[in-house]
Structures are given as C-alpha cells and as structure tokens.
Amino acid sequence: MTEMRTLKVALLGCGNVGAQVARILIEDADALAARTGARLELGGIAVRNVNAPRDVDLPQELFTTDADTLVKDADLVIELMGGIEPARTLILSALRNGACVVTGNKALLAQDGPTLYEEADKAGVQLSYEAAVAGAIPILRPIRDSLSGDRITRVLGIVNGTTNFILDQMDSTGAQFADALAEAQRLGYAEADPTADVEGHDAAAKAAILASLSFHTRFALENVHCEGITKVSAADIAAAKDAGFVIKLLAIAEKLTDAEGKDGVSVRVHPTLLPREHPLAAVRGAFNAVFVEAENAGELMFYGQGAGGTPTASAVLGDLVSAARRLVLGGPGRTETTTGHVPALPIDAAVTSYYIGLDVADQPGVLARIAQLFAEHGVSIEIMRQTIHRDAESNTESAELRIVTHRASEAALAATVEAVKGLDVINSVTSVLRVEGV
C-alpha cells in the first residue's frame, strides 16, 4: 500500500477566522486527508503575539512570529492576516517558492490582485480566494467555473453583513443610524472603527473582485464608484417603507453601453431602494446574498452567512482542499480568466432609477413646474406622492414630495436633481437614492 503524502500548511493570522481554520485542520485531519489524498499537516501559525488570548484552544507550540521561515517551508499557505503589508510580501514569497496560496484578503486583491495572479501563473501554482467575498457563500467558484460557458450581464450583491444588519435594524425597528450601529457593535457585527464597512470600502473591494471574475477583465478598487450608508436617515427608511421599498447597500457590476455607444462595465457600491418583493429585499440581519443574471442561465441567487469565524473558515477549507488535490494530482494551477479587456465606465453611464425626496412650498403650480423640469431633462416620473405638513408656530404649510423616476442615465438624473435645486419653490432636497428592480 502506497504511503499517503503529507503536505505542510502554513497559517498566517489567527483571528476569528484563522483560529477556526486551525481547529478544523486539527480536528478533521482524517476526513480532510480522505478528501484530498494527502495529509494536511499544520506546520505553524504566524502571529504578532504568541501569548495573546484566543477563543479556540490550540497547541501553543504551533505559534510563531517568524512568518518568513514558516512560508518558505510550506506546500500550502493560508493568508488571513488582512491588510496590504506584510501580507502582500508573504504571499509573493509563497508563490515564488512554489506554494499554493489561499487568502481572504479582499483589500489586497482589489488593490494589487494582478501582481499576485501573474506570480501564481509564472510559478504554475494556485491562488484561491473564495473567502474574500460573502463569507461562507460559494459564489466565486460558481461564477468562475459553473458559469464559464455563459455570459454574465449583471451582478447585484449584499456583500457586507455589518451594513445589512444596520439597515435591517433601521427598517424593522425605526432606529436612527447611530443607534443601529451601536447595536451592531454590541453584538460584534461591527468593529470599534466601522469606517471600512459603513463607508462602503469593504463592499467596494468585493465588487471589484466580483466584476473581475464575471467579466473576465481586471477591475481595481479605483474603478468602483463607492458611497456608504452614513447619510441614510430613519426618515429615508420610513419613506422607502411607505412606498413599498427597502434600502440595501448593494455592490453592482453590469454590462452597459454608454451614450457614445461604447461597451463597458459599471462597477459601483451605494445605498439602493429595492421593491420588497425583490429576492434581495428579504435578506435580513448580517446575512449576505449575491444575485447573478446571465444570458442563458437567467437569474440565480446565492444566499448565506457572509461573515463569522466558522462560516468563513468553511470557504477557506474548500479552497485548501482544491489546492491540495491539485498538488496530489500534479499539473499547473488554475489561471485567472482575464481574457477580456472591457473598460470600466464612470457612474454617469449607469442606467438606473432615482428616489428623490423634496420639501417644497405648498402653492398652486408647484407639481406642474417640477414635472416640466423633469421632462426637459428627459427623465420620466413613475411615482409622485405628496404629504402636507403644517407648522403650528408659524401657521404655514409645506409639502413633502416623494418621486420615483423611470430608468434613465445617471448623468441625466443627476442633472435633473441639480436643476430641481435651483427652483424657487424648493425648500430643500431631503434625499436622493438610487432604485433597482423596478
């Protein structure tokens, strides 16, 4: 009987996800060996502080601060440190030494993915990153493999659990943004510094990865239009609910043709109104979901836990088993499928609908003037609702208008909003949000 090969695994980082990966590698060693055809031996765990307290009880002798040596001796490297450096240098070292790499580092992939892909190609090894987008949800492999014979036209995703939890709290309880954020922090869904989440940066990095795989072209973070949720108010949430919508932070990548007839891809992240009957509208709490539209497959949705140690560790281990099988069977690593060169289009080229909240003077002719101005800019109004407010102290009345437009170019919609601001009957533009799914 042939003796089973042993593959040495180096783990970089032992946070929430890393600790669970280490635990599974140790506890499920026999099952993983049966699935891969080789024993996966955890050679060490590189950390900044070997004595730091951890939620998972792991052998102390595995911990080291010498990440460089750990990487040089490994067949497989799992990078879960996060950040750009030293993660970038360590991954490049591993690839050049002939090790396959599994990473969940969406920020690094979005910023400098092409360099890592090229090094993996040169070395003939595998670079895998399923855990970089939507936690436990298997979305990258289906896009890369299952839909490789199809043409994806659009991807819409709720890919950040923190912001989805906050918006869901605001929708279900009427909470203000600050209160919903505090609750997310109390429950461990949001970091002490939540900037990367609430400003949309985390989702933007994931949008770049999804767009790159979906459209076979390398898109970087700088190609993603990004807006966070900090300006979404309880009044916006209530108005959206009253109109039959829910607000979600969406990552969107879609094929478009701009006004000059040039084909390209729009990649953007922003708060978005969705009809409550849309599949993504039902995604609650800290869960994630990705909605994919393809020419032949039609509409597909992938749903599950988007964060957390154990769910994300599942995605990491899936990549690890795949890479280990490749080492056992031999042959080159899977290469990046960047066969296209589709340009990234600016946000102005996007085609969408707008929800616009206006505080206006309550006087005859106001609605007609606003409707005429919309028509002059080539934007059609689908829904217009008016609510009258009376100020008891001044004994004056004002009207609140809520307008949902038909689909138009972002450029036309933005120009319309600017023109509306200039009308003397407009007290203020209270909100401007994009609408999808109508």
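Values computed for the structure shown
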| item | result |
| --- | --- |
| Any hit, segment 58-65, residues being free of Cβ contacts under 8 Å to residues at least 40 places away in the same chain, surrounded by 14 or more Cβ atoms within 10 Å (Cβ to Cβ) and farther than 17 Å from Cys100 by Cα | yes |
| Contacts under 6 angstrom Cβ, first residue in segment 68-93 being in a helix (DSSP H, G or I), partner among the aliphatic types (A, V, I, L, M) and open to solvent by 70 Å² or more (accessible area, probe 1.4 Å), 6 or more apart | Ala87/Met81 |
| Restricting segment 399-413 to residues that are open to solvent by 40 Å² or more (accessible area, probe 1.4 Å) and either outside any strand (DSSP E or B) or aliphatic (A, V, I, L, M) (or both), the residue that is nearest to Ile252 (Cα to Cα) | Arg407 |
| Per-region count, segment 368-383, residues part of a strand (DSSP E or B) and open to solvent by 70 Å² or more (accessible area, probe 1.4 Å) | 1 |
| Filter result for Leu40 (within 26 Å of the chain's Cα centre (by Cα) and surrounded by 16 or more Cβ atoms within 10 Å (Cβ to Cβ)) | no |
| Positions within segment 253-299 being β-branched (Val, Ile, Thr) and open to solvent by less than 10 Å² (accessible area, probe 1.4 Å), in sequence order | Val265, Val267, Val269, Thr272, Val283, Val290, Val292 |
| Residue identified as at pLDDT 95 or above and either touching a strand residue (DSSP E or B) at 6+ places or on another chain (Cβ under 7 Å) or closer than 23 Å to Ala315 by Cβ (or both) among Val125, Val198, Val102 | Val102 |
| Qualifying positions in segment 18-53 - over 13 Å from Leu70 (Cβ atoms) and outside any helix (DSSP H, G or I) | Asp28, Gly37, Ala38, Arg39, Leu40, Arg48, Asn49, Asn51, Ala52, Pro53 |
| Hits in segment 1-17 - residues which are modelled with pLDDT under 95 and either in a helix (DSSP H, G or I) or basic (Lys, Arg) (or both) | Arg5, Asn16, Val17 |
| Hits in segment 236-251 (condition: open to solvent by less than 10 Å² (accessible area, probe 1.4 Å) and more than 14 Å from Ile166 (Cα to Cα)) | Ala239, Ala240, Ala251 |
| Qualifying residue in segment 308-322 (condition: modelled with pLDDT of 90 or more, open to solvent by 40 Å² or more (accessible area, probe 1.4 Å) and either within 23 Å of Leu213 (Cα to Cα) or polar (S, T, N, Q) (or both)) | yes |
| Test: residue in segment 25-35 that is open to solvent by 70 Å² or more (accessible area, probe 1.4 Å), free of Cβ contacts under 8 Å to residues at least 60 places away in the same chain and in contact with a helix residue (DSSP H, G or I) (Cβ under 6 Å, 6 or more places away or on another chain) | no |
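The values are calculated or read from the model by the stated rules, or taken from the named source; none is laboratory data. Predicted model only: the values in this text are computed from it and were never measured. Every residue, glycine as well, gets a Cβ built from its backbone with ideal geometry; the counts of neighbours run over all protein chains shown. Side chains included, ligands, DNA and RNA excluded: accessible areas come from the protein's heavy atoms. Shrake-Rupley method; radii C 1.70, N 1.55, O 1.52, S 1.80 Å.
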